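A quick write-up on the structure given underneath.
The values are calculated or read from the model by the stated rules, or taken from the named source; none is laboratory data. Predicted model only: the values in this text are computed from it and were never measured. All Cβ positions, glycine included, derive from the backbone under ideal geometry; neighbour counts span all protein chains shown. Surface accessibility is based on the protein's heavy atoms, side chains included, excluding ligands, DNA and RNA. Shrake-Rupley method; radii C 1.70, N 1.55, O 1.52, S 1.80 Å.
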Amino acid sequence: MVTVEDWTAVRDALQQYLATAQDHSGPVIQQPPIAELASSLAVDEWILRGELRGSALAQFLRTYLGASTRLHHAGYMAHQVAIPEPLAAVGALVEAITNNVGNLYEMGPAATTIEFALLNWMLRKVGWKAMPAPGVASHGEDARIIGGGTFTNGGSLANLTALFAARSRVSPHAWRAGIPHHLVVIVPESAHYSIARAVDLLGLGQDSMVAPPTTPDGRIRPDALGPLIQELWCQGREILAVVATAGATGSGLFDDLEAIGSVCQETATWLHVDGAHGASALLSDVHRHLLAGVVRADSLTWDAHKMLRTPALCTALLVRDHRVLDAAFHQDASYLFHDKDQPGVDFLHRTLECTRSGVGLRLFLALAAHGERGIAGYIDRQVALAKEAGAYLASTPGITLAVEPEFNIVCFRVEGNDGLQLEIRRRLLVHGDHYVTTTRLRGQRWLRLALMSPATEIDDIRRLVIECLEHRSAILTDETVALVDVR
Ligand SMILES: *Cc1c(COP(=O)(O)O)cnc(C)c1O
């Protein structure tokens with residue numbers, strides 16, 4: 001039982017947390033030593049004693065939220081994690097209390113219905129054909145291949161699932177016989193590390209990853225892709241997939257999907273687009289062009305918990321042809337898959353996961369709170385802010401902008417070596433007004449901003465830059481700091 005007093009404690013604590021994030025009265029980040037925090041949270045005591053309720057619960061939540069990173073803070077410019085719409089978070093609570101399963105209609109008719117509708121909404125945004133509901137005759141002359149998809153717990157798992165589906169198309173016997181050794185995956189160095197892990201997990205080994213020629217800012221060179229594929233064929237290799245990125249993790253830049261897609265179509269090569277971060281640009285009239293050509297891809301990873309104001313985790317894996325995903329998993333789980341005459345749909349046969357909560361509800365509530373246009377407006381705002389920040393950084397003495405931002409990620413360096421960038425970040429985090437990350441691009445370390453927060457304004461970025469320059473002066477005059485040019 002959760003009593004009225006408990007609910008009130010939770011609500012008050014969360015409201016207080018959001019308020020201190022939004023009015024800057026608390027730091028964006030603070031990291032007490034873990035032993036100290038475990039003791040002030042009384043973790044071990046509560047595990048033993050139980051009965052954490054009422055005023056004790058309120059006290060616990062104050063401590064817990066006090067030591068939680070504040071994503072709703074204007075100084076939050078760090079990892080690409082959504083600043084969740086609170087109503088969407090209520091969706092997560094409803095999911096948890098019902099504990100219905102999004103993969104199995106009988107274990108969550110409402111959850112599954114919402115996910116089915118959202119997947120179709122996303123398929124249409126890509127330009128792929130939506131899935132007809134069972135029992136609903138599809139009308140009209142639309143003879144396109146029917147798309148498919150499933151929600152997964154995160155983009156990393158969606159990438160793995162996409163490459164797994166590609167493997168089963170290219171090498172259908174791998175399921176029984178194991179993988180042949182001549183398979184390669186074309187992956188640029190700018191790809192997210194989950195791709196390398198997926199390649200590993202599929203049993204291909206890192207040597208099977210071939211990096212295509214790229215532009216200096218890390219984009220695949222489509223003109224070099226065709227010749228590379230030909231060359232690999234001549235060597236007797238078979239190409240499992242080309243992986244392109246829509247919104248690279250480091251730089252936020254988009255690959256030219258139109259040109260890459262056309263090479264892949266001509267060579268009948270599977271194109272997987274990792275749009276975990278950037279596929280949300282499909283909602284925006286202004287920025288949709290960044291994904292032009294995505295319709296030519298075979299599979300797309302799209303995280304809602306990045307740019308769609310949705311609490312983590314909530315990812316859609318979409319495929320142009322539903323059959324490739326349906327055929328990928330061959331296990332016999334007949335107690336679940338029997339041809340039952342059921343009123344809804346299951347996603348169980350399309351995913352690695354068995355029990356999976358109905359995460360679609362949180363995306364649905366984020367959309368239902370703001371409307372599709374409202375979320376698109378948020379995306380447009382963040383990109384406009386990134387471009388404004390880029391122009392400001394490029395014109396600031398002592399600062400170098402890495403690349404003109406294309407989406408909501410901005411990378412820059414303060415004059416000095418790699419060690420200086422890392423030391424500046426360390427000091428920013430200790431100070432607690434701004435939270436940023438770093439990344440490696442073109443062989444150097446850069447400070448990196450992911451402008452996720454709708455609260456961040458250009459003045460916050462100006463203040464951040466001033467603080468960076470102050471830290472630089474302090475570091476350079478501090479003789480106890482040795483700046484190693486670490487990589
Ligand atoms: C975030 C991200 C991922 C990983 O997604 P998770 O949901 O964190 O597992 C993969 N690829 C890209 C391009 C990303 O931005």
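So here's what we get for this one:
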quantity	calculated
Single match in 81, 101 (criterion: within 16 Å of the ligand (Cβ to nearest atom), open to solvent by 10 Å² or more (accessible area, probe 1.4 Å) and not hydroxyl-bearing (Ser, Thr, Tyr))	81
Some residue of the stretch 400-415 being under 24 Å from residue 287 (Cα atoms), of a type in the set (Asp, Glu) and part of a loop (DSSP other than H, G, I, E, B)	yes
Tally of residues being in a helix (DSSP H, G or I) and under 26 Å from the mean Cα position of the chain (by Cα) across the stretch 425-443	4
Count - residues of the stretch 16-65 that are in a helix (DSSP H, G or I) and in contact with a Leu (Cβ under 7 Å, 6 or more places away or on another chain)	5
Residue count, the stretch 270-298 (criterion: within 13 Å of the ligand (Cβ to nearest atom) and assigned to a strand (DSSP E or B))	3
Hits in the stretch 152-192 (condition: under 22 Å from residue 82 (Cβ atoms) and not hydrophobic (A, V, I, L, M, F, W, C))	152, 153, 154, 155, 156, 159, 161, 192
Residues satisfying the stated conditions in the stretch 445-464, i.e. surrounded by fewer than 17 Cβ atoms within 10 Å (Cβ to Cβ) and without any contact (Cβ under 8 Å) to a residue 40 or more places away in the chain	459, 463
Some residue of the stretch 149-160 being in contact with a Leu (Cβ under 6 Å, 6 or more places away or on another chain), open to solvent by less than 70 Å² (accessible area, probe 1.4 Å) and away from the ligand (no atom under 16 Å from the Cβ)	no
Qualifying residue in the stretch 362-375 (condition: out of contact with any helix residue (DSSP H, G or I) (no Cβ under 7 Å at 6 or more places or on another chain), more than 29 Å from residue 89 (Cα to Cα) and touching a residue at least 24 places away in the same chain (Cβ under 8 Å))	no
Positions within the stretch 279-337 being touching a Cys at 6+ places or on another chain (Cβ under 9 Å), modelled with pLDDT of 95 or more and open to solvent by 10 Å² or more (accessible area, probe 1.4 Å), in sequence order	296, 298, 305
Subset of the stretch 303-317 that is in a strand (DSSP E or B) and in contact with a Ser or Thr (Cβ under 7 Å, 6 or more places away or on another chain) - its residue that is farthest from the ligand (Cβ to nearest atom)	317
Pair list, Cβ < 7 Å and 6+ apart or interchain, from the stretch 465-477 residues that are among the charged types (D, E, K, R) to residues that are open to solvent by less than 30 Å² (accessible area, probe 1.4 Å)	467/428; 467/434; 472/414; 472/420; 472/424
Count of the stretch 95-134 residues which are under 23 Å from the mean Cα position of the chain (by Cα) and assigned to a helix (DSSP H, G or I)	17
Test for residue 108: is it under 20 Å from residue 153 (Cα atoms) and open to solvent by less than 30 Å² (accessible area, probe 1.4 Å)	yes
Residue count for the stretch 140-168, restricted to those that are more than 21 Å from the chain's Cα centre (by Cα) and of a type in the set (S, T, N, Q)	1
Subset of the stretch 218-242 [acidic (Asp, Glu) and surrounded by 13 or more Cβ atoms within 10 Å (Cβ to Cβ)]	238
Residue match in the stretch 169-179 (condition: of a type outside the set (Val, Ile, Thr), over 23 Å from the mean Cα position of the chain (by Cα), away from the ligand (no atom under 16 Å from the Cβ) and modelled with pLDDT of 95 or more)	no
Selected residue (only one of 386, 391 is within 28 Å of residue 21 (Cα to Cα) and either touching a helix residue (DSSP H, G or I) at 6+ places or on another chain (Cβ under 8 Å) or open to solvent by 40 Å² or more (accessible area, probe 1.4 Å) (or both))	391
